[in-house]
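Asker: Sharing a structure with you now.
The values are calculated or read from the model by the stated rules, or taken from the named source; none is laboratory data. Just so we're clear, the structure is a prediction, and the values are computed from it rather than from any experiment. Positions of Cβ are backbone-derived with ideal geometry, glycine not excepted, and every protein chain shown enters the neighbour counts. Side chains are part of the model used for accessible areas, which takes the heavy atoms of the whole protein and leaves out ligands, DNA and RNA. Shrake-Rupley method; radii C 1.70, N 1.55, O 1.52, S 1.80 Å.
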Amino acid sequence: MKKLSEASKGEQGIITDVQGDVRFLTRVTSIGLTLGCPVTVLQNEKNRPVLLYSRDSMIALNREECEKIKIGR
């Protein structure tokens, strides 16, 4: 498992863990990022938000948020 912030462009994975306070968990699950959800990293450049593709949507998350989400294969 690795943090979403460590994934490289084009990498695919499945969300295996989401950590954080209730506000963060509510926000992340409301946009469809739940355990078992497949994601593809579209962009991951330093000092920029991470751009994901999941559930037919593009999602941008800041680096702090990506540190709290882990993906596996």
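Asker: Taking the simple approach of a point 7 Å from Cα along Cα-to-Cβ for both GLU64 and GLU45, what is their distance in nm?
Answerer: 2.3
Asker: Of GLU65, GLU45, which has the most accessible area and how do the rest follow, probe 1.4 Å?
Answerer: Sorted descending by solvent-accessible area, the residues read GLU45, GLU65.
Asker: Please turn the phi angles of the range 65-73 into ³J(HN,Hα) values with the Karplus equation 6.51 cos²θ - 1.76 cosθ + 1.60 (θ = phi - 60°), one per residue in order, whole Hz, x for glycine and proline.
Answerer: For the range 65-73, the Karplus curve yields 5, 5, 5, 8, 10, 10, 10, x, 9 Hz.
Asker: Taking θ = phi - 60°, what integer Hz values does the Karplus form 6.51 cos²θ - 1.76 cosθ + 1.60 yield along the range 50-55, in sequence order, with x for Gly and Pro?
Answerer: So the J values, rounded to whole Hz, are 8, 9, 10, 10, 7, 6.
Asker: Using a 1.4 Å probe on the protein heavy atoms, what percent of the accessible area of the chain belongs to carbon and sulfur?
Answerer: Result for the chain: 50 percent of the exposed heavy-atom area is carbon or sulfur.
Asker: Would you mind getting the accessible area per residue of the chain, heavy atoms of the protein chains only, 1.4 Å probe, in Å²? Can you show the working numbers first?
Answerer: Details: 4710 Å² over 73 residues.
Per residue, the chain has an accessible area of 65 Å².
Asker: While we're looking at this one, here's another question. For ILE14, put the label point 7 Å out on the Cα→Cβ axis and report which residues of the range 32-70 keep their amide N under 12 Å from it.
Answerer: Those under the cut-off are 35-39.
Asker: Calculate for the chain the 222 nm mean residue ellipticity that helices alone would give, adding -39,500 (n - 2.57) per DSSP H run of length 4 or more and normalising by residue count, nearest 500 deg cm²/dmol.
Answerer: -4500 deg cm²/dmol, from helical runs alone.
Asker: If you don't mind, there's one more thing I want to ask. Of all alpha-carbon pairs in the chain, indicate the percentage at a distance above 15 angstrom.
Answerer: Details: 1200 of 2628 pairs.
Every Cα pair in the chain considered, those over 15 Å come to 46 percent.
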